[in-house]
Amino acid sequence: MRRHLNGWKSAASRNMLYKLSFKQRIWASFVLLITLAIAATGSISYLIASRVVQKNAFLSSQDTVNKAAQILDDKLRNTANSVRALMLSDPFKQQLIRDVQSGNTSRYYHHLSALQAVFAQANFSDPLIENILVATPIGEFYFLNFVRNPAASFYDTDMYREIKATRRGVWVQGHEDTFFSSRQQVLSLVVEGVGEDSQFPPFDTYVIVNIKEKELLRLSTQNLSKDGREYYVVDPQGEQVVRSGSSPVWGDKPPDFTKLIGEEEQGSFFYEGKHETYMLNYKRLDINHDRGWMVVGVQSKDHLLREVSQIKQTAYLTMLGFVLLSLLFANKLTNVLLRPLYKLQMLMRRVEDNDLNVRFESKFQDEVAQVGSRFNRMLDEISRLIEDVRKGETEKRKSEMKALTAQMNPHFFYNTLNTIYCKSVLGENEDASAMILALSEMFQLSLNAGKELIPLQDELRHAEQYVAIQQISYENLFVFHIDIGDERLLQCLVPKIILQPLVENSILHGFRNRRSGGEIRVTVRSSGGVLQLTVEDNGEGVPPGSTAAAPAEEARPRSRHGYAVPNITHRLQLYFGDAAGIAMGSRPGEGTTVNIWLPIVEEEEKDER
């Protein structure tokens, strides 16, 4: 089965190849060779360039994170130095510590006042410091510019328990400052107070320095190239140490840096986010190294490698440009070689669009010129045959129209002569004479020197003469009106005897059960180059299901009363085709309306036909 399928595919491929033109095969060969060469060269160039650019992008990103870590280390180290300077000051080392060691509480306010200058100096030298709290057994000391929250005791916090256990300085990650009423987000440094004799530290004396969290991160990254990066200070579990104000790309489930980076001091790895991939560069901080704090730079992989993408796009566009040039080159070459065939092909297409007047001309005497000569002889023969067929069809159409017109004339004239006979028998000679005169004029109008199209004015006159005859026959039975919207329409040409049969139907069928009160109206209008003729009466209408009520194209005469609508329809179709038509609408007991529409034909147009 598989062998059969493979054979079928091979045969289909060969068939497609055989269907290609000579130009297409030459063109495809050129394009294929040039495209392969361009693709190979472009792909190799792109691979080399992308590797270099990607490497440089990784190094640049890591270098930026390293600088951020170095700046952050310097800022925290400067804060630690400010604490050391505070503890080496005389108000702290020589005065406060002595009273703490002796348990003397009487000089509390003196120490509080003396330390204000030290606190102010620390704030001035390090603008990152939010506030400082010195917790001792004889009382707490702080910068009086801040309002102390008495409900929050340092000795009840985790900070106290941790430093009590480690007996060395502790950095506490970002949190809300509960010691003062400002409630700022701060990063805290807790150190144990040391007096003149460092071997015998004071009992339970600690210095707590709160650092402005947002300001620390801003100063650490403000002079760095952001370039779409976000910087975070995190612990090994991925929790933010210094809150950046924006949610990390990893959301509420940070990656486990402990497993991802191991013991490495710096490096990078990719992290799959919800919508895209990110590259994370990290660098461990030197200060508070035992906690494993690190600076992490997060950047979209697409943004990081945008230069690679640009190189890729440029390579693709360049290859595409050269491929297009190869297409143009191959196309120009084949066009020059096959130009005579294109000319012959164009002429054949014009022949397909029924333009038989084209002829092939060439200065050459090659094979294509010989084919063109035979093509010209074939067109001459086709033109002659078409002209013969056209003449035959024209004669046939004229014969059909004459036959249909002749079919209408006996139908009307038989009825009229019968009426004149009845008048003569009854002795109504004046009426009979008037009817004969009207009939004579009708003969003259209907004959019209053998022409099938007559002015609308003559057609209306023909209908008026018929009505005059019928009004003599049926006294007081009906009235007749003609409504012409524009007098210029009277010169439009229409097929003869298309109104009189409709008027006759109204009289003979619509008013057959009446003695008076009948009304027939002929309306002439035009719209958008179409002439509209309407014949309506207030007679009995056409009963549902009768032949006359059927659509015009379906109606077939089953008696002599059924000639009118089908006959007119057939004549309109023979002369105007789908551009003309007739439609009948009837309301039983209310009347019948027949609408005829046909193109407006002037005298010169008639001559062309």
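The values are calculated or read from the model by the stated rules, or taken from the named source; none is laboratory data. A quick note: this is a predicted structure, and the numbers were derived from the prediction, not measured. Virtual Cβ from ideal backbone geometry, glycine too; neighbours counted across all protein chains shown. All accessible areas refer to the heavy atoms of the entire protein, side chains included, with ligands and DNA or RNA removed. Shrake-Rupley method; radii C 1.70, N 1.55, O 1.52, S 1.80 Å.
Is it the case, given these coordinates, that VAL535 is closer than 15 Å to PRO495 by Cβ, at pLDDT 85 or above and either among the small types (Gly, Ala, Ser) or part of a loop (DSSP other than H, G, I, E, B) (or both)? Write out each step before concluding.
Details: closer than 15 Å to PRO495 by Cβ: yes; at pLDDT 85 or above: yes; either among the small types (Gly, Ala, Ser) or part of a loop (DSSP other than H, G, I, E, B) (or both): no.
Here the answer is no, as VAL535 does not meet what is asked.
Listed by first and then second residue, the pairs with beta-carbon distance under 6 Å, at least 6 apart or on different chains, first residue in the stretch 376-389 and touching a residue at least 12 places away in the same chain (Cβ under 8 Å), second outside any helix (DSSP H, G or I) and hydrophobic (A, V, I, L, M, F, W, C), are ASN376/PHE360; LEU379/LEU356; SER383/LEU356. Does ASN123 satisfy the criteria of being open to solvent by less than 60 Å² (accessible area, probe 1.4 Å), in a helix (DSSP H, G or I), of a type outside the set (Lys, Arg) and closer than 23 Å to VAL233 by Cβ? It is true that ASN123 is open to solvent by less than 60 Å² (accessible area, probe 1.4 Å), in a helix (DSSP H, G or I), of a type outside the set (Lys, Arg) and closer than 23 Å to VAL233 by Cβ.
Give me the residue from the stretch 230-247 that is within 26 Å of ARG306 (Cβ to Cβ) and surrounded by fewer than 21 Cβ atoms within 10 Å (Cβ to Cβ) and, out of that set, modelled with the lowest pLDDT. Filtering first and then ranking leaves GLY245.
Apart from one condition, LEU216 fits all of (1) assigned to a helix (DSSP H, G or I); (2) in contact with an Asp or Glu (Cβ under 6 Å, 6 or more places away or on another chain); the exception is (2). When restricted to residues that are closer than 22 Å to ASN78 by Cα and either buried (at least 19 other Cβ atoms within 10 Å of the Cβ) or of a type in the set (A, V, I, L, M, F, W, C) (or both), the stretch 127-140 contains 8.
Is the stretch 432-440 home to any residue that is at pLDDT below 70 and either in a helix (DSSP H, G or I) or more than 58 Å from the chain's Cα centre (by Cα) (or both)? No: zero hits. Restricting the first member to the stretch 573-596 and to residues that are of a type in the set (Asp, Glu), and the second to residues that are open to solvent by less than 40 Å² (accessible area, probe 1.4 Å), the beta-carbon pairs closer than 9 Å and six or more apart or on different chains are GLU590/GLY539; GLU590/GLY541.
Please go through the stretch 160-194 and give me each residue that is open to solvent by 20 Å² or more (accessible area, probe 1.4 Å) and more than 60 Å from the chain's Cα centre (by Cα), ordered by number.
Matches in the stretch 160-194: TYR160, ARG161, GLU162, LYS164, ALA165, THR166, ARG167, ARG168, GLY169, VAL191, GLU192, VAL194.
In this structure, does PHE360 turn out to be at pLDDT 70 or above, open to solvent by less than 70 Å² (accessible area, probe 1.4 Å), in contact with a helix residue (DSSP H, G or I) (Cβ under 8 Å, 6 or more places away or on another chain) and in a loop (DSSP other than H, G, I, E, B)? So PHE360 fits the description; yes.
Let's see how each residue does on (1) at pLDDT below 75; (2) under 30 Å from GLN24 (Cα atoms); (3) of a type outside the set (Phe, Trp, Tyr):
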| site | (1), (2), (3) |
| --- | --- |
| VAL249 | yes, no, yes |
| PRO255 | yes, no, yes |
| GLY267 | no, no, yes |
| VAL295 | no, no, yes |
| GLU307 | yes, no, yes |
| GLN313 | no, yes, yes |
| ALA330 | yes, yes, yes |
| LEU333 | yes, yes, yes |
| LYS343 | no, yes, yes |
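Looking across the stretch 143-159, the residues that are open to solvent by less than 60 Å² (accessible area, probe 1.4 Å) and either at positive phi or hydrophobic (A, V, I, L, M, F, W, C) (or both) come down to PHE143, PHE146, ALA152, PHE154, MET159. Among residues that are modelled with pLDDT of 80 or more, more than 19 Å from GLN62 (Cβ to Cβ) and surrounded by fewer than 18 Cβ atoms within 10 Å (Cβ to Cβ), GLU276 is included.
Yes or no, residue by residue, for (1) in a strand (DSSP E or B); (2) open to solvent by 50 Å² or more (accessible area, probe 1.4 Å):
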site: LEU490; (1), (2): no, no
site: ARG515; (1), (2): no, yes
site: ILE520; (1), (2): yes, no
site: LEU531; (1), (2): yes, no
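Kindly provide the set of residues from the stretch 47-70 that are open to solvent by less than 50 Å² (accessible area, probe 1.4 Å) and either at pLDDT 80 or above or farther than 26 Å from SER220 by Cβ (or both), ordered by number. Scanning the stretch 47-70 gives ALA49, SER50, VAL53, SER61, GLN62, THR64, VAL65, ASN66, ALA68, ALA69.
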